[in-house]
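Report on the following structure.
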C-alpha cells in the first residue's frame with residue numbers, strides 16, 4: 001500500500017495499529033539519538049561519570065534516548081561494576097543504550113572489551129562512552145571515560161531535524177539575486193552618463209587626498225611585529241604598550257620589610273638585583289653587604305653594598321649583582337648576604353629584581 005494515513009478512527013476493527021506504526025510516526029519527525037533536554041528530574045542525558053571517590057564502578061545518569069521512533073528512559077542513576085582488569089595489558093570497554101526487536105525490550109548494556117556498535121533492523125545501539133581499563137587497575141577516574149554521545153557516527157543527540165532541504169530556499173535566493181541585478185542595471189543606466197574622464201580624475205584626486213591625510217611615516221610608531229624604534233620620539237597622548245613585559249619586567253619586595261624576592265621566571269632570562277637599605281640591625285661599625293646566589297645561577301657581576309653605623313645613624317650604599325642562567329618556569333629566591341659574616345639584618349630594606357629576556 002503506497003498511501004498510509006495515521007491515525008484513523010477504527011470502525012468495527014477497520015483500523016488496527018501496532019507498535020511499528022507508532023514508532024514510524026515518531027521517527028518521521030524526531031531523529032534517533034539522546035535527548036539533550038527533557039523534563040526529567042536530575043537528567044544528565046545519560047552522561048557516564050566516575051563515582052565520587054574513583055572506584056571500579058561507573059555511573060550512568062538518568063536520561064532519555066530516542067531510537068527509530070522508540071523511547072528508552074532511565075529515571076535514576078545506574079551503577080555498573082567494571083569487570084576485573086587484565087594483568088598484562090589494558091582493554092577498552094563501552095556502554096550503550098540498546099533497542100532489541102527480537103527481545104522486545106530496551107536496555108543499557110555494558111560491553112566488556114568491545115567498542116562495537118550494532119545498528120541493524122533487529123538491534124539498534126547508541127554508544128554512550130568508551131572506558132579505558134588499564135592493566136591491574138584499582139579504580140577508573142573520569143579521564144579514562146571518553147564521552148561518545150556527541151559522535152553522530154555511533155550516537156548523536158536527537159533533534160526534530162536531521163537535515164533541512166534547502167532546494168526551495170536556494171531557488172528563492174537565486175530569484176531575488178537576479179531581481180537585484182536588474183535593479184542595479186537600471187540604476188547604472190541612469191548615472192553612466194556622469195562617468196566621464198573628469199569624473200575619473202575627480203576620483204583620483206580623492207584618493208590622493210586620502211594619502212596626504214596619512215601621518216608622515218617617519219613619525220609613526222609601527223606595531224607590526226618585532227621592530228626597533230630609534231631616534232627621539234615624543235608621545236603627546238596616552239600610549240598603551242601591552243607587550244612591554246615581553247622584554248623587561250621588575251619584581252619588588254615590600255618596602256620596609258623585604259630582604260628577599262621570590263618569583264617564577266616567565267622566560268629564559270638574566271636578572272639584575274639591587275638591595276637598598278638604611279642601615280644594619282646591630283652595633284655601629286663598617287659592614288659589607290652582598291646578595292646570595294641561588295642554586296644553578298651564575299653571578300657575572302657584583303658590587304657589594306656598604307654601611308657605616310647603626311640603623312638610623314648609618315650611612316649606606318646599595319648592593320647590586322647580575323645573574324645569568326634563569327630558566328622559564330623555575331622559581332628563584334634572592335636574599336641579602338652579610339659579606340662580613342656577622343649577624344643582624346638590614347633596616348628599611350627594599351629589593352628590586354629586573355629580568356631581561358634572553
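The values are calculated or read from the model by the stated rules, or taken from the named source; none is laboratory data. Predicted model, so just to flag it, every value in this text is computed and none were measured. All Cβ positions, glycine included, derive from the backbone under ideal geometry; neighbour counts span all protein chains shown.
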Report, by residue number, each residue of region 34-57 that is at pLDDT 90 or above and more than 27 Å from the chain's Cα centre (by Cα). 55, 56, 57
Condition first: closer than 26 Å to residue 120 by Cα, touching a strand residue (DSSP E or B) at 6+ places or on another chain (Cβ under 7 Å), part of a loop (DSSP other than H, G, I, E, B) and in contact (Cβ under 8 Å) with a residue 40 or more places away in the chain. Can you find one or more residues in region 7-30 that meet it? yes
When region 345-358 is checked residue by residue, the ones that are surrounded by fewer than 17 Cβ atoms within 10 Å (Cβ to Cβ) and either over 15 Å from residue 275 (Cα atoms) or modelled with pLDDT of 75 or more (or both) are 354, 356, 357, 358
Checking the structure you have, find out if any residue of region 71-79 is under 22 Å from residue 42 (Cβ atoms), at pLDDT below 95 and surrounded by 17 or more Cβ atoms within 10 Å (Cβ to Cβ). yes
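Every residue, every condition in (1) assigned to a strand (DSSP E or B); (2) out of contact with any helix residue (DSSP H, G or I) (no Cβ under 7 Å at 6 or more places or on another chain); (3) touching a residue at least 24 places away in the same chain (Cβ under 8 Å), yes or no:
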{"site": "43", "(1), (2), (3)": "no, yes, no"}
{"site": "55", "(1), (2), (3)": "no, yes, yes"}
{"site": "58", "(1), (2), (3)": "yes, yes, yes"}
{"site": "83", "(1), (2), (3)": "no, yes, yes"}
{"site": "88", "(1), (2), (3)": "no, yes, yes"}
{"site": "117", "(1), (2), (3)": "no, yes, yes"}
{"site": "136", "(1), (2), (3)": "no, yes, yes"}
State yes or no: is residue 97 at pLDDT 95 or above, part of a strand (DSSP E or B) and closer than 30 Å to residue 28 by Cα? yes
Residue that is modelled with the highest pLDDT, among those in region 188-199 that are part of a helix (DSSP H, G or I) and surrounded by 10 or more Cβ atoms within 10 Å (Cβ to Cβ): 188
